[in-house]
1. With a cut-off of 8 Å between alpha carbons and a minimum separation of six or more residues, what is the relative contact order of the chain in percent?
2. How big is the chain along each principal axis, measuring the range of its Cα positions in Å and listing the largest first?
3. What angle do you read, to the nearest 10 degrees and between 0 and 90, between the alpha-carbon axis of helix 77-108 and the longest principal axis of the chain?
4. Along its principal axes, what span do the Cα atoms of segment 54-114 show, with the longest given first and each in whole Å?
5. Describe numerically, in nm with one decimal, the distance between label points set 7 Å from Cα along Cα→Cβ at residue 38 and at residue 7.
6. Before rounding to the nearest 500, sum -39500 (n - 2.57) across all DSSP H runs of length at least 4 in the chain and divide by the residue total; then give [θ] at 222 nm in deg cm²/dmol.
7. Taking the Cα atoms only, what angle lies between the long axis of helix 52-71 and the longest principal axis of the chain, rounded to 10 degrees?
8. Based on the Kirkwood radius over alpha-carbon pairs, what is the Stokes-Einstein translational diffusion coefficient of segment 19-81 at 20 °C with 1.002 mPa s viscosity, in µm²/s?
């Protein structure tokens, strides 16, 4: 699978859909800051990993695929769900990788802040590459 940027995809969405995406991400960040200020940074960190952008993108993927199928006279509900499913699987693997990143920093930061970030980045990258390898094996 070759990843490419499709300029035509921008024409398929409306301006307010992008505002919703960025708005949800910004709102989540603000709410996380409020939670962290009220209950401490550890609790705030738990809320920081909320996948606000995923929620907006999954619904938009489903909507656009469904609309394309319905424009052709077909029922597109199932196709929309199937189009959003790989995005959900990727978000799941991304959450696992982010968990590995957080654990590395948590365990190693008292010894070395820079070292903990380097180890965490390597841990995240390892999980991400394993997920990608698994995905590519499934496709091929």
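Every read-out reported here was derived from the displayed coordinates using simple, explicitly stated rules and does not represent laboratory data. Predicted, not measured: the structure shown is a model, and the values here were computed from it. When we count neighbours, we look across all protein chains shown, and the Cβ atoms used for this are built from the backbone with ideal geometry, even at glycine.
1. 15
2. Here the Cα extents, ordered largest to smallest, are 61, 41, 25 Å.
3. It works out to around 10 degrees.
4. 62, 14, 12
5. 4.7
6. Per the formula, -29000 deg cm²/dmol.
7. With rounding to tens, the tilt is 10 degrees.
8. 160
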